[in-house]
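Take a look at the structure below.
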Amino acid sequence: MTDTKEQLWELSEDNCHVALTSNHLNVQQVMDRVRSPAAGAIVLFAGTTRDNFAGKPVKELQYTAYNPLALRTMLTIARTASAAHSLQGVCVVHRLGTVPIGEESILIAVSAPHRQAAWRAGEEVLEECKRRVEVWKREEFEGEGGVWRANRDGAVGEMVTTDG
């Protein structure tokens with residue numbers, strides 16, 4: 001049996017916290033990072049591994065990142081959203097390594113005095129993370145090998161076979 005070492009890389013500044021981890025993601029911990037008595041809303045986004053892509057059965061996703069740069073980019077995104085929407089807190093945690101079907105690969109939580117700002121900020125943080133953060137994913141298909149992709153919806157990847 002292989003012993004899995006859990007790893008966590010993180011940065012925090014003011015009311016913003018970002019992390020990359022090989023651990024399972026914990027919704028309650030992420031929400032607690034942004035909880036504030038001044039916040040009337042906490043919005044949480046949980047991105048999960050689905051079982052298909054473009055009609056093909058997906059076995060799992062694998063994520064890799066350039067950690068130092070990815071963390072700095074994530075923190076910049078969090079700080080920008082916090083300032084633009086007067087947020088009480090922003091937390092972004094992305095899982096690296098293998099993420100099985102039905103498990104979370106990213107959690108984003110934002111808190112704000114009012115729900116509209118929280119909704120908007122959460123969406124903006126997600127879209128900016130997908131667009132800019134130095135994280136790449138490999139979709140492993142049942143019986144077909146895998147495809148490396150930029151971590152964006154529908155971005156083109158190249159087929160890479162794996163040894164069975």
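For segment 54-64, check the following and say yes or no: at least one residue is in contact with a strand residue (DSSP E or B) (Cβ under 6 Å, 6 or more places away or on another chain), farther than 29 Å from Glu140 by Cβ and among the aliphatic types (A, V, I, L, M).
No; the residues of segment 54-64 include none that is in contact with a strand residue (DSSP E or B) (Cβ under 6 Å, 6 or more places away or on another chain), farther than 29 Å from Glu140 by Cβ and among the aliphatic types (A, V, I, L, M).
Condition first: under 18 Å from Leu20 (Cβ atoms), small (Gly, Ala, Ser), buried (at least 21 other Cβ atoms within 10 Å of the Cβ) and out of contact with any helix residue (DSSP H, G or I) (no Cβ under 7 Å at 6 or more places or on another chain). Now tell me which residues in segment 66-104 satisfy that.
Hit for segment 66-104 is Ala70, nothing else.
Tell me, yes or no, whether segment 120-140 has at least one residue that is surrounded by fewer than 16 Cβ atoms within 10 Å (Cβ to Cβ) and hydrophobic (A, V, I, L, M, F, W, C).
no
Suppose the filter is closer than 15 Å to Arg33 by Cβ and touching an Asp or Glu at 6+ places or on another chain (Cβ under 8 Å); does Ala112 pass it?
no
Can you pull out the residues in segment 56-92 that are of a type in the set (Ser, Thr, Tyr) and at negative phi?
Matches in segment 56-92: Tyr63, Thr64, Tyr66, Thr73, Thr76, Thr80, Ser82.
Any read-out appearing in this document is the output of simple, stated calculations on the displayed coordinates, not a laboratory observation. What you see is a predicted model; the values in this text were computed from it and never measured. Neighbour counts are summed over all protein chains in view; Cβ atoms, including those assigned to glycine, are modelled from backbone coordinates with ideal geometry.
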